[in-house]
Every structure is written in structure tokens, then in C-alpha cells.
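The values are calculated or read from the model by the stated rules, or taken from the named source; none is laboratory data. Since the model is a prediction, treat every value here as computed from it, not as a measurement. Using ideal geometry, Cβ is built from the backbone for each residue, glycine included, and neighbour counts are taken over all protein chains shown. In case anyone asks, the SASA skips ligands and DNA or RNA and just uses the protein heavy atoms, side chains included. Shrake-Rupley method; radii C 1.70, N 1.55, O 1.52, S 1.80 Å.
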Amino acid sequence: MTVKPDALDTARALFADPPRENGLIPFWFWNDDITEEGLLEQLEEFYEWGFGGFIPHARTGLTHRVGYLSEEFFKLVKTCVKRASELGMKVVLYDEGGYPSGSAVGQVVAENPDYANKCLIPVKREIEGPASGYWRPNSSRALCNKLIAVVQGRLLDDNTLDPDSLTELPILEHDILHYDVPEGRWLLLSAWQVFSGATIRGVHAEQEDAHATAPAAGDILSPEAVAAFIRITHDAYYENLKEYFGTTVLAMFTDEPGVMGRGTRYGRMAQPFTTGFMEDIKAVWGEDAAKWLPVMWYDCGPKTEELRAAYDRAVYDRLERVFYKAQSEWCVAHGIALTGHPAESNELGSLRLFQWPGQDMVWNYVEPNNGSGLEGIHSIAPKGASSAAALASCERNTSEVLGAYGWKLTLDEAKWLFDWHIIRGNNLFYPHAFFYTIRDRRAWESEPALGRNNVWWPYWEPIADHVRRLCWLTSGGKMITDVAILGDSNHLGWEAAKALYQSQIDFCYVDETALKATTLANGRALIGDMAFRVIIVDGAPMTPALRARLDELSAAGLLVIENWQEETLAKAIVAFAGADLAAENAPDLRMEHYRKDSLEYYILFNEGEAAIDTHLCLRATGKVELWLPYENTTAPCPAEITTRGLELDLHIERRQIAVLAVDPAGVPSADAPRPVTAGDVLSELTLAWKASCCGKAVELPCPGDWAQVAGWELFTGSVSFEAILNLASDLVGQPLYLDLGQVGDIAEVSLDGKKVGACSWTPYVFKLGSIKAGEHQLCIKVTNSMANEYEGVQLPSGILGPVSLRAERTL
């Protein structure tokens, strides 16, 4: 008789080897005289390492022989897409060459010079009154500059403008204006629409920032310019790859479209602007908007911040309406998703138009152990993307990760960053970047190179598989939380989020637009896949409509928290809604609750430096298993149901992710075998180590730091250390663990010629098991950091120790 597998059996098998489409989709920098043979060789490596696909990205260093959007370029793209189709891999296209998006490496402006990026600048004159006369303001000799308005206002002693004195002056023929001012200091301010001179980073060597021939940035606030951009790029991709759209080609990536491009010649005085934008400003400032234009450069009294915020919203609204909406509609019409990310980490509004909402994490925005994971605008990025996806019921949300973190980036930090994003809801990753080559100065371009050009490449696969398992697990279901944080759609706040993370309370960001779309049922606000019982107000502009909506929600039985303190916020939520997961004394433990098919998953991440031993109580009850995605292990978890919920003990190592898989149809077992780990030190090992590099004996200390040895200061690569381990008879018969102490950076251990394992972060502990007494050949291959060679920083390299044998303990 065939026994039908239960839900955990089925899920467990998929968890071990999830579908490839959940794997990493790296940025693949095409930054040299690329060839078909070279591309296919690297593509096969991506496949071998379990990657889900790739993003072909024309990047600085691409040769003119290949070109961008050329016949040769599309020939190579099609070759790679065809091979990806054969291998079952997926492709995300990139809508620009270089970045930011919207210019097609200058082709938009080349088609029509009026499509160049624009801005608003002031040209001003001070006058001592009383005075009367004429003034002809002039921004430059450029024939295309347009005078938008001229305003006069009284300058006060603190160099602010008296708001009651602001008056728009009529503009006469030849841009002349007449002024007539009484006694005092007066400012005449003319506001000009000008071409900003902004550029983007292109793909050829002479198209880099600050180069005379850097590509002109397009005007992404102009519908006509955006239409040209989509025709030049998107339509060309479709024409060449239409047979793969919707099957192999799944999405189009747009990259931090900035309304001001890069490097405007006018600096901070420039304000985003475009033809027709005065009508947008009137919609938020009123019909007399022109007289308030000085507020963008001067303090004009109590309304200053309010007016600037309204201008800011008008820019965002136009960007969404003109650029993102056009992109989104094109993608839907062609059977693919819009993905990528906006320019700022704390944006939510524009993500409504993405089928795969995303954000990015570059330039060391967030790092372990310095507070950046909980504080500041970049700490918001992953939860903003996952919130947008949850509110719109999108299956995937994404993050561009690791870009420009420098050669000091370790696999330890890289995995932490993946896990930091995953626990905040991201379920698809675009690692930035895998370079075609780091030849010559290409190594400097958004380093580090993450793939074959880095010495850590042989150790990427376990991390890729770890991420693939978790991305599969958190796709196709829904995030479970009662709590929403209500913020400004374009400037989300982080303070409330920090308090919730440290108390293992998950949440979803919402804005006024999302809250308006909710329906009420059984004391909950429903939108997309979410059902909220608690609304925390954190930085949302309080409009009359929002005030009325919050009052309505409160009357319907929801808890609306407006004036809160970080120390008591979590307690107020738990008192009202109960705890989905309660952990004892574990401020570094992060939690996501995800429901998929008939199972409940509690994903737990130790975000800190020390192992956590805690007692947990879960709201969901049933049969529970402990799944470890990096180790690829699953096992029954001892637990019991009490009046509080499902209770169990948890040990989670430094920076480890553990998954509690709960089947509500099953029954927990308090007698399930308890997990084991390394215990007390049995003996410190003092061995006679012999070092070799590239098959040749070398003189290096062990334990010790080879970066401090003359001649080895800048060496990057691998060194093998071998020694005879003579195991005493009194240690036979018990499971043993080898602890290397500190290592710089990656250790791969073999015993008697058989690989025991590899580790890229603390704790560098390897389970040897029970081994016989006598001599054993121990080999430890250590690979250090690329930063030593490429940055000359002499990071610690080698086995630093102390090396010891440890017993096993039951948790």
C-alpha cells in the first residue's frame, strides 16, 4: 500500500532542492570586448552554481565593436537568452546602458535635444528701496532657456523673505519686468527652466562621469522623452527577443531613475522641473503658485516646509505618472514584469507600479553591528519592497545587493546581508555584480567582483543554495502580520520599525493611498493579502482625509497608535493583539511568519554576533520541524502545546537562519530528539603545521597571520596547512568537533583525504564525528581576502586560532 506523503513531506523535499527560478539572478557586467564563447562559458558557471538566471548589463568598458543596442549587441544577448531557455534559466533585461535609467546612453537626447534633462534655477537681484525701474534677468545666452516667473519680496534681517510681501511681476516683451518697491531690502527672483547639463554613466570608456562625452540625461518627467526611451530600448529588446518574452524573459529592470540625472552643472540650486510642470505645482500650491516659487531657495515664513513638501510630492507624482506608469504598462502589455528600484531607499509610492517591487543595497548602506540595519533610511529598503508586494498581492519582490561594498566584503557579510533582506520579506535577489572581466581599471568599477574573478568563487554555491531555499519558501504564499506602520509614501520612517524588530513583531508599511483602499471586516483592515488589526502612525502627513480614515478604523475596533514611545510600543501591540511569536531576552532575533499552502513557517534570523538560546511561544500550533537552509537539514523539533501556544527551546548560532515549519494538522512531540552542537573544549591542539601554496612548500606561521610576513603582505589566494593529528585513546568513541578559532577568511577542512566541510565565517567549527585513535592527516585550505591585493589593507589571513577539539552537547 502506498502511503500518501503529508504536507511536511512534500514541502521538505522541495526545500532541499527548490525550482531554479528562485535562485540568484546576478547583474552580469558586459564590460569588455565580449565574445559569444566567453559569455557562454560564464553562463554555464552560473547554471552549475544553481543560479536562477542573469541580467545582461552593458557596463563601462564595453567596446565599440560590440556597441550598445547594436546588431552585434543583440546577437550576443539573443545567444545568451537562447541558452538560458535551453537550461531552464530566466532572464531579466536591463533598460539602460550604465545608469540611471531613462536616457538609452544618450540616444534619447540625440533623437531630440528638447528631451534633455531640465531643472528650475533662480536668477536674482537685490534692491534697496524705495526704487522703481526695469530689470532684464538673464540665465545665460542659451536660446532654449525659458523664464517661468519673476517674484519680488521683502528681505528681512535674517535673510528670509516676508511671505506677505511676495508678488508675482508681469513679464514684458524681451523678458523685461518693471519693479516699484518701497523702502527696505527687496529681492527680485526670476525662476528659469534650463537644461541641467546632467549626464548618466554610459558603457564606453569615454562615457564615464565627468568625461566631456558622458551621455546626456533624458527628461524622465516628459511623456514625449519617456516614449522615445521606451521605443529605443524596450521595443528593440522585444523585436529581437519576442519569442522568449513571458517564458525565459520575465522582467525589465529599471535602475534608480533620478529626475536630475547625475552631475547637473547647477548644483544644489537646481530644482526638478520640466515643460508643463507649473500646472502640477498649481495643483498642490494653488493658482497663485508662481508667487511662491522663491520658497524653493529661501525661507518664506511658516508655510515654507509645507510648500517644499508639496513640491516634492508633485515631483514624485509626476515621475510615477509619466515614467513608472509608462514602463509598467509596457511590461504588462508584453507579458513581463516591471522590476528594479526607485532612486531612494525609503520610497513606497512608486513601487505600486512594479509587478516585482524592489530596492537596492549598495555602498555599504547597511552593515552588521553598526546600527545601520535598524536605523536610517536605508534600513527601510527591503521592508518597503516586500510591503508593496504584499499590498498588491505580487508574488515576487526583489533587492539589488552587495554593489560597491568594496573588496573588503567577505562571504560572512554577504550572507548576513542576504539574510537581513530575507527576514524583511525579500524573495528574489540581484547580486551586484558578476564582472565579465576585471582587466585593467575595470576592477575599480563598483567593486567587488562577486564571481569567477574573486578567490571566494568556489565557495559561493552553498550561499546561493541557501538563498534559493528561502526564496522558494517565501514565494507563493503570504506574509502574516496584524500590524501596519503608516508613513509618508515617499519618505518612510524607521523609528517604529526598530522597536518592532527588536520585539519579534513583524509588520507591513502602508501609506495614505493604501489605507484608503482597505475594506473593513471583523475588526480588521483588509488590503491585498493583508489583514491589519493595529495601525502605527509614523511620519504620515496628516491630511483631513487621512484623519477621517483613522477615526473610522478606530471606531471599527482597530488599535490606532499615534503618540507612541519606543520603549512601550511593542507592549501596547501585544496587550491588544497578542504575540504571534514571543521570545525570551532575544533583542537580536528577527522573525517573519509566512503561510504557504497548508503550512505555517516561522523564519528566524540571529542578526547579532553571539549565539542565542531562548524559549519561544508560537501562536500557530501543530507538528513542528526545524529546517536549516544553509546546512540543508530538516529534523523534528521537540515542542508542546500549552495554554500559551506552541512552546519550544531554540538555539541559533551567530548569524544563522532557522525555520520552524509548523503543520497545523499534526501534533507536536515533546520527545523528539534534541539537536546537538559543539560543546566544551577537550584539548587545544599544538600541531606541527606545514604550509604550501600552488603545490610548493612555503614558510608561514600557523596559527598566525601571513599578511604580516614579509613578501606576503599583498598576497590574495589560498594556502594549505597540513599536520598530523594524533588522537588520544580517551577521546575515542565520542563525537568530536574541530574548532579553528579565528580564520581569515575561508577554511576548507579535510581529514585523511576526505572533505569534512568548508566555512566562511565564525564559528569555524567542523564536526569530525567519532574517529579512531592514532594518527590522522589533517589538511586545512585557507583562502583570504581580495582586499589584500586590490586595496593593500593587509586583512588578517590564515589560521589565527586557537585550534582545539571540542565535545558534543545536546541542546
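Based on this model, can you work out whether GLY376 counts as at positive phi and either charged (D, E, K, R) or in contact (Cβ under 8 Å) with a residue 60 or more places away in the chain (or both)?
Criteria met by GLY376.
Every residue in segment 213-256 that is of a type outside the set (Ser, Thr, Tyr), farther than 26 Å from VAL362 by Cβ, open to solvent by 10 Å² or more (accessible area, probe 1.4 Å) and not in a loop (DSSP other than H, G, I, E, B), please.
PRO223, GLU224, ALA227, ARG231, ILE232, ASP235, ALA236, GLU239, ASN240, LYS242, GLU243, PHE245 - these are the residues of segment 213-256 that are of a type outside the set (Ser, Thr, Tyr), farther than 26 Å from VAL362 by Cβ, open to solvent by 10 Å² or more (accessible area, probe 1.4 Å) and not in a loop (DSSP other than H, G, I, E, B).
Would you mention how many residues in segment 288-327 are over 21 Å from SER165 (Cβ atoms), free of Cβ contacts under 8 Å to residues at least 40 places away in the same chain and open to solvent by 10 Å² or more (accessible area, probe 1.4 Å)?
Counting residues in segment 288-327 that are over 21 Å from SER165 (Cβ atoms), free of Cβ contacts under 8 Å to residues at least 40 places away in the same chain and open to solvent by 10 Å² or more (accessible area, probe 1.4 Å) gives 4.
Hey, among PRO763, PRO735, which residue is more than 21 Å from PRO703 (Cα to Cα) and in contact (Cβ under 8 Å) with a residue 24 or more places away in the chain?
PRO735
Output the number of the condition that ARG424 fails; it satisfies all remaining conditions of (1) part of a helix (DSSP H, G or I); (2) basic (Lys, Arg); (3) open to solvent by less than 10 Å² (accessible area, probe 1.4 Å).
The single condition ARG424 does not satisfy is (1).
Return the total of residues in segment 719-735 being crowded, with 20+ Cβ neighbours inside 10 Å and modelled with pLDDT under 95.
Here the count works out to 0.
Could you tell me how many of the residues in segment 690-718 are among the acidic types (Asp, Glu) and surrounded by 12 or more Cβ atoms within 10 Å (Cβ to Cβ)?
Within segment 690-718, residues that are among the acidic types (Asp, Glu) and surrounded by 12 or more Cβ atoms within 10 Å (Cβ to Cβ) number 2.
When you look at ARG141, is it open to solvent by 70 Å² or more (accessible area, probe 1.4 Å), free of Cβ contacts under 8 Å to residues at least 60 places away in the same chain and over 48 Å from the mean Cα position of the chain (by Cα), yes or no?
No; evaluated as a whole, the condition is false for this residue.
Got a sec? Which of VAL560, VAL510 is among the aliphatic types (A, V, I, L, M) and free of Cβ contacts under 8 Å to residues at least 60 places away in the same chain? Don't jump to the end; show me each part of the working.
Working: VAL510 fails: free of Cβ contacts under 8 Å to residues at least 60 places away in the same chain.
Just one listed residue meets the conditions, VAL560.
What about ARG65, is it assigned to a loop (DSSP other than H, G, I, E, B) and surrounded by fewer than 24 Cβ atoms within 10 Å (Cβ to Cβ)?
Criteria met by ARG65.
Whether any residue in segment 278-286 is within 30 Å of ARG201 (Cβ to Cβ) and not basic (Lys, Arg) is what I want to check.
Yes: one or more hits.
Which ones in segment 437-457 are farther than 20 Å from TYR365 by Cβ, of a type outside the set (D, E, K, R) and without any contact (Cβ under 8 Å) to a residue 24 or more places away in the chain?
If we filter segment 437-457 for residues that are farther than 20 Å from TYR365 by Cβ, which is where we start, we get 437-443, 451-457.
Checking which are of a type outside the set (D, E, K, R) leaves us with 437-438, 443, 451, 453-457.
Result: ILE438, ASN453, TRP457.
Output the number of the condition that ARG265 fails; it satisfies all remaining conditions of (1) open to solvent by 40 Å² or more (accessible area, probe 1.4 Å); (2) outside any loop (DSSP other than H, G, I, E, B).
(2)
Of all the residues that make up segment 17-54, how many are open to solvent by 40 Å² or more (accessible area, probe 1.4 Å) and either of a type outside the set (Lys, Arg) or touching a Pro at 6+ places or on another chain (Cβ under 8 Å) (or both)? Full working, then the answer.
Residues of segment 17-54 open to solvent by 40 Å² or more (accessible area, probe 1.4 Å): 17, 19-21, 33, 35-37, 40-41, 44-45, 47-48.
Going one step further and asking which of them are either of a type outside the set (Lys, Arg) or touching a Pro at 6+ places or on another chain (Cβ under 8 Å) (or both), we end up with 17, 19, 21, 33, 35-37, 40-41, 44-45, 47-48.
Summing the residues that are open to solvent by 40 Å² or more (accessible area, probe 1.4 Å) and either of a type outside the set (Lys, Arg) or touching a Pro at 6+ places or on another chain (Cβ under 8 Å) (or both) in segment 17-54 gives 13.
Out of the residues in segment 328-358 meeting the condition of being open to solvent by less than 20 Å² (accessible area, probe 1.4 Å) and β-branched (Val, Ile, Thr), tell me which one is farthest from ASP255 (Cα to Cα).
The extreme case among them is ILE336.
Tell me which residues, restricted to segment 606-633, are polar (S, T, N, Q) and either modelled with pLDDT under 95 or open to solvent by 30 Å² or more (accessible area, probe 1.4 Å) (or both). If you could, list the steps in order and put the result at the bottom.
Of all residues in segment 606-633, those polar (S, T, N, Q) come to 606, 614, 621, 632-633.
Scanning segment 606-633 gives THR621, ASN632, THR633.
Every residue in segment 161-171 that is crowded, with 16+ Cβ neighbours inside 10 Å and of a type in the set (S, T, N, Q), please.
Scanning segment 161-171 gives a single hit, SER165.
Would you pick out the residues in segment 268-283 that are open to solvent by less than 60 Å² (accessible area, probe 1.4 Å) and closer than 12 Å to ARG313 by Cα?
Selection gives PRO272, ASP280, ILE281.
Does ASP209 qualify as being out of contact with any Cys (no Cβ under 7 Å at 6 or more places or on another chain) and touching a residue at least 40 places away in the same chain (Cβ under 8 Å)?
Yes, satisfied.
With within 30 Å of TYR436 (Cβ to Cβ) and either open to solvent by 70 Å² or more (accessible area, probe 1.4 Å) or under 42 Å from the mean Cα position of the chain (by Cα) (or both) as the only criterion, which of ALA210, ALA191 stands out?
ALA210
Step by step: first the residues of segment 755-782, then only those that are at pLDDT below 95 and of a type in the set (Gly, Ala, Ser), then the one that is most open to solvent (accessible area, probe 1.4 Å). Which residue is that?
SER770
I'd like to check which strands (runs of 3 or more DSSP E) are fully inside segment 671-775 and have at least 2 residues that are over 25 Å from GLU653 (Cβ atoms).
Strands (runs of 3 or more DSSP E) meeting the threshold: 690-693, 696-698, 718-727.
Given the structure, is LEU800 open to solvent by 20 Å² or more (accessible area, probe 1.4 Å), in contact (Cβ under 8 Å) with a residue 40 or more places away in the chain, part of a loop (DSSP other than H, G, I, E, B) and hydrophobic (A, V, I, L, M, F, W, C)?
no
What single numbered condition from (1) open to solvent by 10 Å² or more (accessible area, probe 1.4 Å); (2) touching a Phe, Trp or Tyr at 6+ places or on another chain (Cβ under 7 Å); (3) part of a helix (DSSP H, G or I) fails to hold for HIS466?
HIS466 satisfies every listed condition except (1).
Does THR518 qualify as being among the hydroxyl-bearing types (Ser, Thr, Tyr), more than 21 Å from the chain's Cα centre (by Cα), modelled with pLDDT under 95 and crowded, with 20+ Cβ neighbours inside 10 Å?
Here the answer is yes, as THR518 does meet what is asked.
When the residues of segment 634-689 are filtered to those that are within 28 Å of ALA579 (Cβ to Cβ) and of a type in the set (Ser, Thr, Tyr), which remaining residue is least open to solvent (accessible area, probe 1.4 Å)?
Applying the filter and picking the extreme gives THR677.
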